[in-house]
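Below is one structure, written out as C-alpha cells; comments come after it.
The values are calculated or read from the model by the stated rules, or taken from the named source; none is laboratory data. All values reported here derive from a predicted model rather than from experimental measurement. Note that each Cβ is placed from the backbone with ideal geometry, even for glycine, and that neighbours are counted across all protein chains shown. The area values use the complete protein model at the heavy-atom level, side chains included, leaving out ligands, DNA and RNA. Shrake-Rupley method; radii C 1.70, N 1.55, O 1.52, S 1.80 Å.
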Amino acid sequence: MKTFYITTPIYYPSANLHIGHAYCTTIADAIARYKRLDGFDVFFLTGSDEHGQKIQRSAQAQGKSPLEYVDPIVESFKDLWTKFHISNDDFIRTSEPRHEKVVQEIFRRIQANGDIYKGEYTGLYCTPCESYWTELQLDENGCCPDCHRPVEKVSEEAYFFRLSKYADKLLQHIEEHPEFIVPTSRRNEMINFIRRGLEDLCISRTSFDWGIPVPDDPRHVIYVWFDAVINYITPLIHNEDMKRFWPADIHLVGKEIVRFHTIIWPAMLMAAGLPLPKQIYGHGWLVTDTGKMSKSVGNVVDPVLLVEEFGADAIRYFLLREITLGLDGNFSRDALIARINADLANDLGNLLHRTLNMIGKFQQGTLLPATDGTELDQSFRAQALDTVREYRRLMDDVQLSDAVKVVWKFIGRANKYIDETMPWKLAKDPAQRQQLANVLYNLAESLRIVSVLIEPFMPDTAQKIRAQLNVTSKPKLDDAQTFGLLEANHVVGKPEQLFPRILTDK
Ligand code: MSP
C-alpha cells in the first residue's frame, strides 16, 4: 500500500494557541485527508514541545512544577484540534517517556559516531526562542534576529554537535534535491545561510533542569531543539512503522523555523545514519493589520471563540482558500464573513438546496434514469471531470488554495447550469420529462463529486452533503473520477441549510 507521512511542528505550551497555529495544523490536516481519499496509508503527527527554560520559568512563576503547568495547556491543544476536525494519528508530548528514550538513544548514537563532544560554551541565548545566536546574527539593536528581544550571555561547560562537519554534505543534498526545501525563496535563504559557514551547535545546558538528561551526565539537559525535532521519529523508530513511514514525506513548518528543519535536523539524521525527510515545506504567517499574529504583539485571534461563532469548516475554508501556501496571508473577520456569505451560504449552500428542492418537488425526491442529453449536459459533465483532474494535479502539488478555487469555479458553473437549463420550465412540459431527469441527475452527481473534493477542506460539510444526498459510502477520490455512480431511482434526502448567512451591521 502507498504510504504518506506528514507532520506539523510540535507547539510550545507556553501560551494558548491562536489562529496562526490552527492555520498550520489545518493545512497539514487537509493534505493528510487528501492522501487518505487517494488511498494512501497516512500517518499524520502533531504534538507539544514541552521542555526548556522558558516553560520552567513560566511554571515557577505560577508556583507549579513544569508538568503541572503544561498538562492543562496540552489538553487545551488536543481539544482545539478536535474542534477543528484535525485527524492526527498520534499526538506526541516531548515529556513522554517514549520520547525521552528515543532522544537519549539518538544522542548516544551520534556521540558514538564522534559527532558529539564536550566543550565550553560562551554565547548569546534567546530564551523565548530557545535559540543560540552569534554576534553577527543579532539584529541592529543587538537583539534576537527572530523576536527582537534581548539575548543573554551564557558561559558553561556543554556538549556540542559537530554541525560544521555537515555543511558540504547538506549543500550537496539541497542542490541535488530541489524538492527538499520549498518554496524556492526559503531554499535560497538556506543555501546562503550554509554558504556563510556553519558553527558547531551547543546542545546541552546546565543552568536549568527541565529537559531530557544527557545520557551518563545528567547534570546537563539536552537543548530543546535537539530534543524537539526527534519527535518526528519517536512514534516510529521502535516498530514496523519506521519502514513504512520514514523518511517523512512532508514536514510542514512556519517559515521562521525552516532553519532548524533543513539544517540542524538533517545534519542530526546524517550523523545518526538515518535517511532525510523528503520535503520541508515552509509556510507563511497569518498576519493582521498589525503584523504577525503573536501573543507579545497582542493581536491574536482566539480559535476557540472563532469556532464557536462560525464553525470549524468555515474557518478551515477561509484559511485554505484565502492564503497561498508559502506566502503570508491576512486574517480579518470581515473577510471571513464575506467568504462565508458568498462562497458557502450562497454558492455551495444554494446549489445543494436548489438541487434537492427540485428533485423533491418535480420527481418526489427520486433520481430517474438519465440519457446523454443535450450538448450543454455533455459539456457540463465533461467540466465536472476536468475539475477533478485539475484538482488532483493541484493537490498533488500542494497548491491547496488553487485547488479550492477550482472546486468553487465548478460550483459556480453548476449554479449557472441550473439557470441555463431552467428545470422549473422543463417540469411544466410533459415532453421534457427526460430532459428534466437528465438535468436533475447531473446536478445530484455534481454534488456527490463536490462532496468528495471538499472532504479535505471541510470534512463536516462534506459529510452533511453526503447525508442529504443519501450517499452512505465513505468518500474516495476514485469515486469522484466517474460521472454516473448514483443509481437511477436513488432517493435523495430533504434539503437542510448548510451555512446560514451572517448578517453584519454593514
Ligand atoms: N516548538 C517549536 C517547533 C518545534 S518543531 C520540532 C515552535 N513552536 S511554536 O508554538 O512557537 O510555533 C509552532 C508553529 O506555529 C510554527 O511553525 C510557527 O510558524 C507557527 N505559527 C505561529 N504563529 C503563526 C502565525 N501567526 N501564522 C502562521 N503560523 C504561525 O516553533
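Brief remarks on what is shown
- Residue check, ILE263 within 14 Å of the ligand (Cβ to nearest atom), at pLDDT 95 or above and either open to solvent by 40 Å² or more (accessible area, probe 1.4 Å) or out of contact with any strand residue (DSSP E or B) (no Cβ under 7 Å at 6 or more places or on another chain) (or both): yes
- Of all the residues in the stretch 490-503, those that are open to solvent by less than 60 Å² (accessible area, probe 1.4 Å) and out of contact with any Gly (no Cβ under 9 Å at 6 or more places or on another chain) number 2.
- Residues of the stretch 475-489 include at least one that is aliphatic (A, V, I, L, M), open to solvent by 10 Å² or more (accessible area, probe 1.4 Å) and in contact with a Phe, Trp or Tyr (Cβ under 8 Å, 6 or more places away or on another chain).
- Of the residues making up the stretch 104-133, those that are at pLDDT below 95, away from the ligand (no atom under 16 Å from the Cβ) and closer than 20 Å to ILE230 by Cα number 0.
- Inspection of the stretch 151-159 finds no residue satisfying the criterion of being of a type outside the set (A, V, I, L, M), closer than 23 Å to SER131 by Cα, touching a residue at least 40 places away in the same chain (Cβ under 8 Å) and not in a strand (DSSP E or B).
- Checking each residue in the stretch 333-368 for being within 17 Å of LYS405 (Cα to Cα) and polar (S, T, N, Q) picks out ASN341, ASN346.
- Some residue of the stretch 81-90 being without any contact (Cβ under 8 Å) to a residue 24 or more places away in the chain and over 18 Å from GLU50 (Cβ atoms): yes
- Checked against the criterion of being open to solvent by 20 Å² or more (accessible area, probe 1.4 Å), assigned to a strand (DSSP E or B) and among the acidic types (Asp, Glu), the stretch 100-110 has no qualifying residue.
- Within the stretch 277-315, being within 18 Å of LEU252 (Cβ to Cβ), more than 11 Å from the ligand (Cβ to nearest atom) and open to solvent by 60 Å² or more (accessible area, probe 1.4 Å) holds for one residue alone: LYS278.
- Members of the stretch 134-151 that are open to solvent by less than 30 Å² (accessible area, probe 1.4 Å) and within 16 Å of the ligand (Cβ to nearest atom): CYS144
- Consider the stretch 201-260 and keep the residues that are open to solvent by 40 Å² or more (accessible area, probe 1.4 Å) and among the hydroxyl-bearing types (Ser, Thr, Tyr). The one that is farthest from the ligand (Cβ to nearest atom) is THR206.
- Matching residues in the stretch 5-28 - criterion: being touching a Ser or Thr at 6+ places or on another chain (Cβ under 7 Å) and within 17 Å of VAL304 (Cβ to Cβ): TYR11, PRO13, ASN16, CYS24, THR25
- All of VAL154, VAL182 fail the test of being β-branched (Val, Ile, Thr) and open to solvent by 30 Å² or more (accessible area, probe 1.4 Å), apart from VAL182.
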